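**Q** Quick one: structure below, then a few questions.
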Amino acid sequence: MARSKSGKHYTWQMSDRPIGSGDAGEVYAVTCQEQPGLNGVMKTPARIATSGTIQRQSGQIAREGRALAVLDGLPTGKAHPPRLLDESLDFTQGTAQFFIVSEPAPGTDLATLLSQTRQAGKPFPRRVAITALDALFDLFARAHKAGI
């Protein structure tokens with residue numbers, strides 16, 4: 001059963017399963033209930049974790065949200081950081097209920113591209129790797145100039 005979470009601006013319907021997970025928690029695909037055409041990705045602390053881990057993950061997610069807010073409107077370059085679409089209410093910081101929602105990246109993710117090239121028995125295209133790295137380094141340089 002899909003869950004929903006209310007943020008400062010919208011209520012978000014979450015996918016049933018995480019689309020990713022890592023040291024900072026879990027990532028879910030979300031759809032805005034008030035504007036069904038608005039989609040995003042929600043980062044939230046892992047559902048199964050100790051309270052200390054949840055607090056740490058919540059802090060990491062909050063820092064990412066602050067960085068995205070600073071980078072909003074960064075001059076156009078080869079790539080742009082995702083826009084921060086919403087975040088949970090302030091009193092949820094440090095809890096399992098904390099989250100941020102950012103815009104999804106367009107295109108195909110690298111994991112899918114790697115899987116497709118392996119299945120086809122071909123090496124990963126160098127032009128894709130070089131293009132992605134070039135865009136990331138450009139974005140990192142502009143982010144550092146903005147203080148991130």
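**Q** State all residues of the stretch 98-135 that are open to solvent by less than 80 Å² (accessible area, probe 1.4 Å), among the hydrophobic types (A, V, I, L, M, F, W, C) and out of contact with any helix residue (DSSP H, G or I) (no Cβ under 8 Å at 6 or more places or on another chain); if no residue qualifies, say none.
**A** Within the stretch 98-135, V101, A111, L114, A120, A129, A135 meet the criteria.
**Q** Check H144 against each of (1) over 16 Å from the mean Cα position of the chain (by Cα); (2) open to solvent by less than 40 Å² (accessible area, probe 1.4 Å) and name the one condition it does not meet.
**A** The single condition H144 does not satisfy is (2).
**Q** Hey, another quick one. I need the full set of residues from the stretch 17-34 which are assigned to a loop (DSSP other than H, G, I, E, B) and closer than 14 Å to L85 by Cβ, in order please.
**A** Listed by number, the residues that qualify are Q33, E34.
**Q** What is the residue count in the stretch 31-78 for residues that are open to solvent by 40 Å² or more (accessible area, probe 1.4 Å) and either in contact with a His (Cβ under 8 Å, 6 or more places away or on another chain) or acidic (D, E) (or both)?
**A** Qualifying residue count for the region: 3.
The values are calculated or read from the model by the stated rules, or taken from the named source; none is laboratory data. All figures in this text were calculated on a predicted structure; none of them were measured in a lab. Quick reminder, even Gly has a Cβ in these numbers, built from the backbone with ideal geometry, and neighbours come from all protein chains shown. Keep in mind that these areas ignore ligands, DNA and RNA; they rest on the heavy atoms of the full protein, side chains included. Shrake-Rupley method; radii C 1.70, N 1.55, O 1.52, S 1.80 Å.
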